[in-house]
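Notes to accompany the following structure.
Derivation of every value follows stated rules applied to the coordinates shown; laboratory data play no part. Note that the structure is a prediction, hence the values are computed from the model and not measured. Here Cβ is always computed from backbone atoms with ideal geometry, including for glycine, and neighbour counts include all displayed protein chains.
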Amino acid sequence: MSVRFEMLARDGAARRGRLVTAHGDVETPVFMPLGTAGTVKAMTPEGVAATGARIVLGNTYHLMLRPGAERIAALGGLHRFMNWPHAILTDSGGFQVMSLASRRTIAEAGVTFRSHLDGSLYELTPERSIAIQHLLGADITMALDECTPYPSPHEAVEGSMELSMRWAERSHRAFVERPGHGIFGIVQGGVHPDLRLRSAAKLIDIGFDGYAVGGLAIGEGQETTFAVLDATVPALPEDRPRYLMGVGKPADLVGAVMRGIDMFDCVLPTRSGRTAQAFTRGGVVNLRNARHADDPAPLDPECPCPACAGYSRAYLHHLSRAGEILGSMLLTMHNLQYYADLMSAMRSAIEAGSFAAFAAAFETAA
Ligand SMILES: [Zn+2]
């Protein structure tokens, strides 16, 4: 039995579900913090779990370069290596090869590239990506895809999507079935509904445990992202989880859940935490701003996180101005708590059948 998806409630197109993995249950809709290089930056695993998170994302690209997938496997797998007992989803490495590696060459077999760390040469094929994710011990493995730059002409997007679909087939074939573990395919096709639908049909034909929508949040804008979801999501199987990759801002999450998405990841809450930006119920707050220097109030009085419970805006402002590590830690803690609470509020609203009202109120407040 691979990763199981239980549907608990529906409200319009929004879904309240549960992913049952080898490392525990994950309530959906869910936001997955980025555990890029085997760590959610500026957080202890205990702190991540304290926000309510039960799944994090690991990056194949970073981990294959350093410390190496075989080394992590020999040390007991990624869960033990990073002391995270809950679920892990790993990406395929494709996106970061495209965005970080130098001198990459894409061919039918796969992609060759040079490490951004020391320039050494690597090859990432669908088979190698799946093998790495197996060595890491990912509960959810992602198929290798090519990420088409935006904007690209229809013809280029089509060729890229078709290559990704051939890689999806090879990824699926290379995946070793284990109880509680699954593999997701990734719908590509840029902003073109015809290509998205062809991609979805091909993946469904192969038969994945879940379906991701990839290639978005790369500059196309929220309206276009939602238009792609409107065209794509209805074509995906009802009984499988749907994952929107790399998105996004709080309002993006609400709009995507309304369109039937179950899973998200994004660098925003963690990266913003390291640049003094906080997501709050009153909107985005930049703590570098001088107006916080004398403010004894908490960052977000409704937030239960340690940063809001014990510290003032003035102190957080001071830490960020002074470049203190604790500033990054507290704000990352807060931002992950904000995202976790937002997802939890959406789950409750779906259960109560009041998601449309929740979304409308959220839009007004934002
Ligand atoms: Zn907080």
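Mean residue ellipticity at 222 nm, helices only, the chain: -12500 deg cm²/dmol; runs of at least 4 DSSP H residues each add -39,500 (n - 2.57), and the sum is divided by the number of residues.
For the stretch 64-205, what class follows from the C-alpha gyration tensor (a ≥ b ≥ c being the square roots of its eigenvalues): rounded when a/c is under 1.5, otherwise prolate if a/b is larger than b/c, else oblate? Taking the square roots of the gyration eigenvalues as a ≥ b ≥ c, the stretch 64-205 is oblate. The peptide list 196-205, 302-311, 92-101, 105-114, put in order of mean Cβ contacts within 10 Å with the highest first, becomes 92-101, 196-205, 302-311, 105-114. Once backbone amide H atoms are built at 1.01 Å from N, Asp265 has Met32, Gly246, Val247 as its partners under 5 Å, excluding neighbours fewer than 5 places away on the same chain. Taking other Cβ within 10 Å of each residue's Cβ, how do Ser354, Ser164 sort, fewest first? Lowest count first: Ser354, Ser164. Relative to the dominant Cα principal axis of the chain, helix 313-322 is inclined by about 60°.
Among beta bridges from DSSP that stay inside the chain, the antiparallel ones total about 50%.
Counted by neighbouring Cβ atoms within 10 Å, the residues His154, His134, His292 run from fewest to most as His154, His134, His292.
So for the chain, taking the charge dipole from beta-carbon charges (+1 Lys/Arg, -1 Asp/Glu), which of Ala356, Ala74, Pro269 sits furthest toward the positive end? Most positive-ward Cα: Ala74. Between the alpha-carbon centres of the stretch 44-58 and the stretch 252-282 there is a gap of 15 Å.
Per-residue packing, averaged as other Cβ atoms within 10 Å, sorts the ranges 313-324, 336-347 into the order 336-347, 313-324, beginning with the highest. Going by neighbour counts of Cβ atoms within 10 Å, the residues Ile206, Ile132 line up, fewest first, as Ile206, Ile132. Kirkwood hydrodynamic radius of the chain, from the reciprocal of the average inverse Cα-Cα distance over all distinct pairs: 20.9 Å.
For the stretch 225-290, the alpha-carbon radius of gyration amounts to 1.35 times the rule-of-thumb value 2.2 N^0.38 Å expected for a compact globular protein.
Of the two radii for the stretch 293-366, the radius of gyration is 1.10 times the Kirkwood radius, both from the alpha carbons; that is the Rg over Rh value. In percent, rounded to a whole number, the relative contact order of the chain is 18, using alpha-carbon pairs under 8 Å and six or more apart. Cysteine residues of the chain whose C-beta has no other cysteine C-beta under 4.7 angstrom: Cys147, Cys266, Cys305.
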